[in-house]
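J.: Submitted below is the structure of interest, expressed as structure tokens.
The values are calculated or read from the model by the stated rules, or taken from the named source; none is laboratory data. Not measured: the values here are computed from a predicted model. No Cβ is skipped: glycine too gets one built from the backbone with ideal geometry, and neighbour counts run over all protein chains shown. What goes into the accessible areas is simple: the full protein's heavy atoms, side chains included, and nothing from ligands, DNA or RNA. Shrake-Rupley method; radii C 1.70, N 1.55, O 1.52, S 1.80 Å.
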There are 2 protein chains.
Amino acid sequence: MSNNKKTTIKDIASVLNISPAAVSKALHDDSRISDKTKEAVKKVAKDLNYQPNHLASALRKGKSNLVGVIVPRTNSNFFSSVIQNIEEELNKKGYNIIITQSNESYKKECSNIDTLLFTQVDGIIASMANETVDLEYYEKIKSKGIPLILFDRGENDLNVDYIGINDYDSSQLIVDHLVQQGCKRIAHIGGYKHTRIFNNRIRGYIDALKKHKLPLEEALLIESSLTTEDGRDKMTQLLALKNKPDAVYIAGDYAALGALQVLNELGIKIPEEIALVGFGNEPFTAMVTPTITSINQHSAKIGKLAAKTFLEHVKKTVVKQQLNKIILDAELIVRDSSNRGV
Amino acid sequence: MSNNKKTTIKDIASVLNISPAAVSKALHDDSRISDKTKEAVKKVAKDLNYQPNHLASALRKGKSNLVGVIVPRTNSNFFSSVIQNIEEELNKKGYNIIITQSNESYKKECSNIDTLLFTQVDGIIASMANETVDLEYYEKIKSKGIPLILFDRGENDLNVDYIGINDYDSSQLIVDHLVQQGCKRIAHIGGYKHTRIFNNRIRGYIDALKKHKLPLEEALLIESSLTTEDGRDKMTQLLALKNKPDAVYIAGDYAALGALQVLNELGIKIPEEIALVGFGNEPFTAMVTPTITSINQHSAKIGKLAAKTFLEHVKKTVVKQQLNKIILDAELIVRDSSNRGV
DNA sequence: TATATTTGCTTAAACGTTTAAGCAAATATA
DNA sequence: TATATTTGCTTAAACGTTTAAGCAAATATA
């Protein structure tokens, strides 16, 4: 019973005295195989506990039915939700995914790409590390003719498919809301300017200030790595100003958490003295005290759309790279940290 | 330049006018190939941008260098940290991992196993879904002779390698701590009894009460799915008792969060009126107000040990399944939710 | 009834790699 | 100098599957 050797198509063929080719076709319901043979083949396959060898069929067919996913980390609700939705959509069509993490490191990202290409993935869905500026490795994917879809952190210059939210509008929503709450000196702890999404958030912030005829103060616009630790540091930096802000918009929830901790520790009242807004709608924004106002990034939608975009690619045999940029509307979730009851 | 067809070993061979076999050996630094040839092969490989075809070599060698990982979800710090550490250890040895999520569903878990077997993984590292009771599918892995390593949620009856923490002792640590803080009526919102780790926590709780000569009250021992929502429900249930508890030990941090929310909403003082202890040391336990006392599950260590256990398996050619059960010591992290300053 | 088409298979080759077996030339040993 | 060993390759087959090409038998069409 516990025959150690794995059953192959040949084993089934020899039991039934037909050719391996006929077995392969029967298993795939080829129209040129009789129902009688199909039934017999399937019965024997089941009896012998046959499991198709994916490596062999992938090699022969020239496609692996694997899709690579690269994210900065899985330990964030946004990314894990995107991944889950990519997986669901692709599983339906017989694809499996290989998840890799860059840990925000460019070097790790490159090695991830090598790994995925080596594994012969049929496509790559990725969100870039903070560090990534050089796009040579991504060009490598493109030059191999493998579909590449970026989400969240993409690089427009690469000329590939992209799915993300409207970062510029998000900033506008946030500033509009803070102004409406009576804030006059709104600071922005933003991400790295060279990353497009953070750059868009900064532009949105600047333009929104202009719209509301508020002056743009250099000291109130700070670049950050957006970790919790850096959020603490940059908040401390803002509090050291002679002329403190009355609101802080932070381009990431983890950094917003750090800022919140500093304010709580110093007994500064949120939102009365300083209002706080984060970005990403991580679950903990609704857990902490006070709860943090944030932007919903539509992770589920982004995941599904990324998967669908990939499937579109493989459907067309022609590799005509029709660009597909999808920008979703942002949504502001107002919570206690910015709600003055106005 | 942008030659679409991928470079193979044959291409390199024909450039140098040697056999493909020689190229293969040269690329693997076979001692029977001259240094001159090796250099030439490597140069041409680089020039032609040769990438080895993993599918072909895996098929020929009978191993894929892929390891499957099954977790209930990636969206939890514990699991994502375990995964990251498995990946690090295995990458060093040339293995890549395929991550799949069961979403706590037995059905999804079975389909994950099928997927991984289909992909010809060389081993599987898994933590079981809450629902899983039937172990037929896991037997399937064992019967194929593929190494199986379980962590956190394992099933002793399966007779496979397992890495986890000492759940029984954890409960003892918690009850000791709460008694020391002056608590007399300690409730336990536990996980499903049929899952061994939760069963062990329940046993530890019961025995610790005995040790401290505290009576075991049926109403204070509740079974839960341990989601945030269920944590809210079960806490509400406890508060409806005529004789309320003065401490609640909850077998999962997410459920502990739900309980904390209920207590905060009702203005019940933590830890003065009711002390609270969670399990898992999720990062948010240090973010919420008050911060939640919890048990550190040593996720990094568990990940590394799981990977190492797998590597041990593939090292020995003999499939002698020597059982390897590693139980790590638990560690209690005391925070505000249970610290009465005693 | 004679020819054309369809059905249901088989044969053979291929995907790209690795490896056992073998062989000539170069070098070492007696 | 004659034999043994080592070096550096080649040849051929294999991993398990899929698929193009082909062919005989069965069925459809004229």
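J.: With springs only between Cα atoms under 10 Å apart, run a GNM on chain B and tell me which of B:ALA240, B:ALA40, B:ALA300 wobbles the most.
T.: B:ALA40
J.: Return one whole number: the accessible area per residue of segment A:216-266 in Å², for a 1.4 Å probe. Numbers along the way, then the final one.
T.: Numbers: 2210 Å² over 51 residues.
Per-residue value: 43 Å².
J.: At B:HIS194, label 7 Å along Cα→Cβ: distances to the other copies, nm, ascending?
T.: 5.5
J.: For A:GLU139, what accessible area in Å² do you get when you roll a 1.4 Å probe over the heavy atoms of the protein chains, rounding to the nearest 10?
T.: Per-residue accessible area (A:GLU139): approximately 90 Å².
J.: Could you do me a favour and compute the accessible area per residue for segment A:9-52, 1.4 Å probe, result in Å²?
T.: For segment A:9-52, the per-residue accessible area is 69 Å².
J.: I've got another one for you. So for chain B, averaging the separation of alpha carbon pairs under 8 Å that are six or more residues apart and normalising by length, what relative contact order in percent results?
T.: Details: 605 pairs, mean separation 55.9, N = 342.
Once normalised by length, the contact order is 16 percent.
J.: Mind checking the full-extension length gain between B:ASN264 and B:ALA300? Use 0.36 nm per residue of separation minus the Cα-Cα distance, one decimal, nm. Display every interim value, and only then the final one.
T.: Details: separation 36, 0.36 × 36 = 12.96 nm, distance 3.23 nm.
Net length gain for the segment: 9.7 nm.
J.: Please name the residues of segment A:37-57 whose accessible area, counted over protein heavy atoms with a 1.4 angstrom probe, falls by no less than 10 Å² between the chain alone and the full protein assembly.
T.: The answer is A:ASN49, A:GLN51, A:PRO52, A:ASN53, A:HIS54, A:LEU55, A:ALA56 - residues whose exposure falls by at least 10 Å² when every protein chain is included.
J.: Apply 1/(1 + (r/R0)^6) to the Cβ-Cβ distance of A:ASP176 and B:SER225, taking R0 = 35 Å, and write down the FRET efficiency to the nearest 0.05. Intermediate results must be reported in sequence, preceding the final value.
T.: Details: r = 41 Å, r/R0 = 1.16.
According to the calculation, E is roughly 0.30.
J.: Next question, about the same structure. Which value at 222 nm does chain B reach when only helices count, each DSSP H run of 4 or more adding -39,500 (n - 2.57), with the total divided by all residues and rounded to the nearest 500 deg cm²/dmol? Mind dumping the intermediate values first?
T.: Details: 12 runs with 146 residues, N = 342.
Only helices count here, giving -13500 deg cm²/dmol.
J.: Using only Cα positions of segment B:242-308, each an equal point scatterer, no hydration layer, compute I(q)/I(0) via Debye at q = 0.20, 0.22, 0.28 Å⁻¹ and quote the log10 values to two decimals.
T.: Each listed q corresponds, in turn, to -0.76, -0.88, -1.24.
J.: Shortest first, in nm, what separates the label point of B:ALA240 from those of the same position in the other copies (7 Å along Cα→Cβ)?
T.: Listed shortest first, these distances are 5.5 nm.
J.: Quick one: dipole size for segment B:9-52, taken about the Cα centre, charges +1 on Lys/Arg Cβ and -1 on Asp/Glu Cβ, in debye to the nearest 20.
T.: Details: 8 positive and 6 negative charges, 7 e Å.
Here segment B:9-52 has a charge dipole of around 40 debye.
J.: Report the residue, chosen from B:GLN84, B:GLN51, B:GLN180, that carries the largest GNM mean-square fluctuation when chain B is represented by alpha-carbon nodes joined by springs under 10 Å.
T.: Its mean-square fluctuation being the largest, the pick is B:GLN51.
J.: Relative contact order of segment B:9-52: what whole-number percent is it, with Cα pairs under 8 angstrom and at least 6 residues apart?
T.: On the way: 33 pairs, mean separation 17.1, N = 44.
After rounding, I find 39 percent.
J.: From the protein chains alone at 1.4 Å, what is the descending order of accessible area for A:LEU276, A:LEU226, largest first?
T.: Values: A:LEU276 0, A:LEU226 25 Å².
Putting A:LEU276, A:LEU226 in descending order of accessible area: A:LEU226, A:LEU276.
J.: Sorting B:TYR249, B:TYR50 by accessible area (1.4 Å probe), largest first, what list results? Let's see the in-between values first.
T.: Values: B:TYR249 0, B:TYR50 45 Å².
Largest accessible area first, the list is B:TYR50, B:TYR249.
J.: Just for segment A:217-342, what percent of DSSP beta bridges are antiparallel, to the closest 5?
T.: Working: 3 of 8 bridges.
In segment A:217-342, DSSP labels about 40 percent of beta bridges as antiparallel.
J.: Convert each backbone phi in segment A:212-224 into a coupling constant with the Karplus relation 6.51 cos²θ - 1.76 cosθ + 1.60 (shift: θ = phi - 60°), then list the ³J(HN,Hα) values in order as whole Hz, x for Gly and Pro.
T.: 8, 6, 9, x, 8, 9, 4, 5, 8, 10, 10, 8, 8
J.: Let me ask you something else. If you put a point 7 Å past Cα along the Cβ direction, how far is that point for B:GLU273 from the same point in each other copy, in nm, smallest first?
T.: Values, ascending and in nm: 2.8.
J.: How would A:HIS188, A:HIS194, B:HIS298 line up by accessible area, probe 1.4 Å, largest first?
T.: Working: A:HIS188 0, A:HIS194 90, B:HIS298 40 Å².
My answer, sorted largest first, is A:HIS194, B:HIS298, A:HIS188.
J.: A follow-up question, please. If you take every residue apart from A:GLY145 with its C-beta less than 10 Å away from the C-beta of A:GLY145, what net charge results, scoring Lys and Arg +1 and Asp and Glu -1? Each step should come with its number before you reach the end.
T.: Values: positive: A:LYS142, A:LYS144, B:LYS5, B:LYS6; negative: none.
Result for the neighbourhood of A:GLY145: +4.
J.: With a ≥ b ≥ c the root eigenvalues of the C-alpha gyration tensor of the protein assembly as shown, is it rounded (a/c under 1.5), prolate (a/b larger than b/c) or oblate?
T.: Details: a/c = 2.17, a/b = 1.28, b/c = 1.69.
Since a/c reaches 1.5 but b/c is at least a/b, the shape of the protein assembly as shown is classed as oblate.
J.: Ignoring ligands and nucleic acids, what accessible area does B:THR289 show with a 1.4 Å probe (Å², nearest 10)?
T.: For B:THR289, solvent-accessible area is about 70 Å².
J.: Using a 1.4 Å probe over the heavy atoms of the protein chains, calculate the carbon and sulfur portion of the accessible area of the protein assembly as shown as a whole percent.
T.: On the way: 15510 of 30740 Å².
Heavy-atom surface of the protein assembly as shown belonging to carbon and sulfur, 1.4 Å probe: 50 percent.
J.: In addition: In the Gaussian network model of chain B, springs joining C-alpha atoms below 10 Å, which of B:ASN200, B:ASN296, B:ASN264 carries the largest mean-square fluctuation?
T.: In the Gaussian network model the winner is B:ASN264.
J.: Ok, one more. Accessible area lost on pairing B with A, both sides, 1.4 Å probe, Å² to nearest 100?
T.: Numbers: alone 17500 and 17480 Å², together 30740 Å².
Approximately 4200 Å² gets buried when B meets A.
J.: How much of A:PHE118 can a 1.4 Å solvent probe reach, expressed as accessible area in Å² and rounded to 10?
T.: Counting only protein heavy atoms, the figure is 70 Å².
J.: About its Cα centre, what dipole magnitude does the protein assembly as shown give when the only charges are +1 on Lys and Arg Cβ and -1 on Asp and Glu Cβ, stated in debye to the nearest 20?
T.: So the dipole magnitude of the protein assembly as shown works out to roughly 2520 debye.
J.: In addition: Give me the distance between the Cα centres of segment A:58-112 and segment B:181-220, rounded to whole Å.
T.: Comparing the Cα centres of segment A:58-112 and segment B:181-220, I get a distance of 41 Å.
J.: Please report, in debye to the nearest 20, how large the charge dipole of chain B is about its Cα centre when each Lys and Arg carries +1 at its beta carbon and each Asp and Glu carries -1 there. Show your work: numbers first, answer last.
T.: Numbers: 45 positive and 41 negative charges, 301 e Å.
Charge dipole, chain B, about its Cα centre: 1440 debye, nearest 20.
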